[in-house]
Amino acid sequence: MMSRPPLASALERMREDCTDCGACLTNCAFLSQHGTPGTIAARFDFTSPQGRQIAYQCSLCGLCAAVCPEKLDPGALFLDIRRRHVEDGDFESKPYRSILRYESLGGSALFTQYVVPPGCDTVLFPGCTLPGTRPAVTLELYRQLRRIVPSLGIVLACCGKPSHDLGRTAHFQAAFGTIRDRLVEHGVRTVLTACPNCTTIFSQYGQGLTVQTVYQPLHLHGLAKGVAAGASRAVSIHDPCPGRDDVRTQAAVRGIVTGLGHTLVELRHSRRLTMCCGEGGTVGCAAPELSDQWADRRRREADARVLVTCCAGCAGRLNRVTPTVHVLDLLFRPLVAFHRNLPVARAPFTYVNRLLLKRRIKGERLNNA
């Protein structure tokens, strides 16, 4: 982790450089409730544990930085405050027990799997949510990518994004460092990610590894061949907020959707100006009402159109309030993707799915050895 400037200096810069123009207020559920970043920096006492709690209501989505005319990054400041909160021993884990257990199990020997065959320099890293909610889709994804990269390996593990966003830096560095070091030691040079959170983590901390999302090779190799006559829809793309600057993946996802014959209606907040689905920054644990506001804003923009996203977490969150599907649903099960009863597992069955997928992948490699 790079050295950080003193928190007092970061707060002073926010107080002085924020012009209170309000560009970020109209877009953010959190800031519209508490004021501009400059106001928050001046109003709250961030030397106290109570004052630092406000940082856990920020989704860390980056939209404020995307619209700020002064090029300020309030999300980075709030993440830094979270890290200081943990370092000072003031972090209370109880509200985050569920997400931390999810992360812990995802990184345990029971759920992790490293399949790195001889000569493999590229692995699929599908993340946690996709294998749990869509195990058959994940397996088909692996199979299709192996047609493109025959020596492709696969790693089932948790990248540690929850701890990263909660400010648990030491825990995150240890957990992700183990993954990175193991991949590098096995000669892996490229990681194909299906989850935008995993993409962010590998891009920022995966020294020695090249990162690419799976959607780029899927689109490049023309797997989107069109759907059955009459099955096309007018849909909108929900770009996950961790990938707001990932123009290649944004283009690939749109290429897959249109390649399947669907019509795109762009949302007002898309691409670099995309909104959080409500799951970002673990806000749902600390301020569920803010999480609900984010999701409701997305619902209103969708205007009854089906949303398509490349994030399994976003798909699950938004589907509670408006029809939302994963782009891989469209690609690998197009005839049922738009059904409201599309089989998407929920906890605790997601854990069972991940264990069964682990077993199926092992058998897959043995049968194709």
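Quick one: Phe172 ticks every box in (1) touching a strand residue (DSSP E or B) at 6+ places or on another chain (Cβ under 8 Å); (2) buried (at least 17 other Cβ atoms within 10 Å of the Cβ) except a single one, so which number is it?
(1)
Tell me whether segment 332-344 contains one or more residues that are assigned to a helix (DSSP H, G or I), over 21 Å from Asp292 (Cβ atoms) and in contact (Cβ under 8 Å) with a residue 60 or more places away in the chain. Outline the logic, then answer.
Within segment 332-344, the subset assigned to a helix (DSSP H, G or I) is 332.
Keeping just the survivors that are over 21 Å from Asp292 (Cβ atoms) gives 332.
With in contact (Cβ under 8 Å) with a residue 60 or more places away in the chain added as a condition, the list becomes 332.
Within segment 332-344 (the criterion being assigned to a helix (DSSP H, G or I), over 21 Å from Asp292 (Cβ atoms) and in contact (Cβ under 8 Å) with a residue 60 or more places away in the chain), the answer is yes, since at least one residue qualifies.
Within the set of pairs 6 or more residues apart or between chains, which connect a residue that is in contact (Cβ under 8 Å) with a residue 60 or more places away in the chain and of a type in the set (D, E, K, R) inside segment 241-257 to a residue that is assigned to a helix (DSSP H, G or I) and surrounded by 22 or more Cβ atoms within 10 Å (Cβ to Cβ) with Cβ atoms less than 8 Å apart?
Close Cβ pairs (under 8 Å, with a partner that is assigned to a helix (DSSP H, G or I) and surrounded by 22 or more Cβ atoms within 10 Å (Cβ to Cβ)) amount to Arg244/Leu63.
Do you know which residues across segment 175-197 are surrounded by fewer than 21 Cβ atoms within 10 Å (Cβ to Cβ) and β-branched (Val, Ile, Thr)?
Selection gives Thr178, Val184, Thr190.
Can you confirm whether Val149 is surrounded by fewer than 21 Cβ atoms within 10 Å (Cβ to Cβ), under 26 Å from Pro334 (Cβ atoms) and modelled with pLDDT of 95 or more? Full working, then the answer.
Working: surrounded by fewer than 21 Cβ atoms within 10 Å (Cβ to Cβ): yes; under 26 Å from Pro334 (Cβ atoms): yes; modelled with pLDDT of 95 or more: yes.
So Val149 fits the description; yes.
For segment 66-103, how many residues are free of Cβ contacts under 8 Å to residues at least 24 places away in the same chain and closer than 27 Å to Arg182 by Cα?
Residues flagged as free of Cβ contacts under 8 Å to residues at least 24 places away in the same chain and closer than 27 Å to Arg182 by Cα within segment 66-103 amount to 1.
Please verify whether segment 352-361 includes one or more residues that are surrounded by 18 or more Cβ atoms within 10 Å (Cβ to Cβ), closer than 24 Å to Gln212 by Cα and either hydrophobic (A, V, I, L, M, F, W, C) or without any contact (Cβ under 8 Å) to a residue 12 or more places away in the chain (or both).
Yes, segment 352-361 contains a residue that is surrounded by 18 or more Cβ atoms within 10 Å (Cβ to Cβ), closer than 24 Å to Gln212 by Cα and either hydrophobic (A, V, I, L, M, F, W, C) or without any contact (Cβ under 8 Å) to a residue 12 or more places away in the chain (or both).
Which residue, of His262, His238, is in contact with a Leu (Cβ under 8 Å, 6 or more places away or on another chain) and at pLDDT below 95? Even if it seems obvious, please write down each step before you answer.
Details: His238 fails: at pLDDT below 95.
Unique residue meeting the criteria: His262.
Do the conditions hold for Thr324, that is, is it more than 16 Å from Gly106 (Cα to Cα), of a type in the set (S, T, N, Q) and in contact (Cβ under 8 Å) with a residue 40 or more places away in the chain?
On the way: more than 16 Å from Gly106 (Cα to Cα): yes; of a type in the set (S, T, N, Q): yes; in contact (Cβ under 8 Å) with a residue 40 or more places away in the chain: yes.
So Thr324 fits the description; yes.
Leu223: part of a helix (DSSP H, G or I) and either over 15 Å from the mean Cα position of the chain (by Cα) or among the basic types (Lys, Arg) (or both), yes or no? Give the steps one after another, and end with the answer.
On the way: part of a helix (DSSP H, G or I): no; either over 15 Å from the mean Cα position of the chain (by Cα) or among the basic types (Lys, Arg) (or both): yes.
No; evaluated as a whole, the condition is false for this residue.
Those residues that are more than 21 Å from Tyr215 (Cα to Cα) and in contact with a Cys (Cβ under 9 Å, 6 or more places away or on another chain), I need them from segment 298-316; list them, please. Outline the logic, then answer.
Taking segment 298-316 and keeping what is more than 21 Å from Tyr215 (Cα to Cα), we get 298-305.
Matches in segment 298-316: Arg298 only.
Scanning for something in contact with a His (Cβ under 8 Å, 6 or more places away or on another chain) and assigned to a helix (DSSP H, G or I), does segment 120-130 turn up at least one residue? It would help to see each step written out before you state the result.
Restricting attention to segment 120-130, the residues satisfying the condition of being in contact with a His (Cβ under 8 Å, 6 or more places away or on another chain) are 120, 130.
Applying the additional criterion that residues be assigned to a helix (DSSP H, G or I) yields 130.
Checked segment 120-130: at least one residue is in contact with a His (Cβ under 8 Å, 6 or more places away or on another chain) and assigned to a helix (DSSP H, G or I).
Can you name the condition, by its number, that Ala29 falls short on among (1) surrounded by fewer than 18 Cβ atoms within 10 Å (Cβ to Cβ); (2) in contact with a Phe, Trp or Tyr (Cβ under 7 Å, 6 or more places away or on another chain); (3) closer than 23 Å to Asp245 by Cα?
So Ala29 meets the others, but not (1).
The values are calculated or read from the model by the stated rules, or taken from the named source; none is laboratory data. As the structure is a prediction and not an experimental result, all values here were calculated from the model. Please note: Cβ atoms are built from the backbone with ideal geometry, for glycine as well, and neighbour counts cover all protein chains shown.
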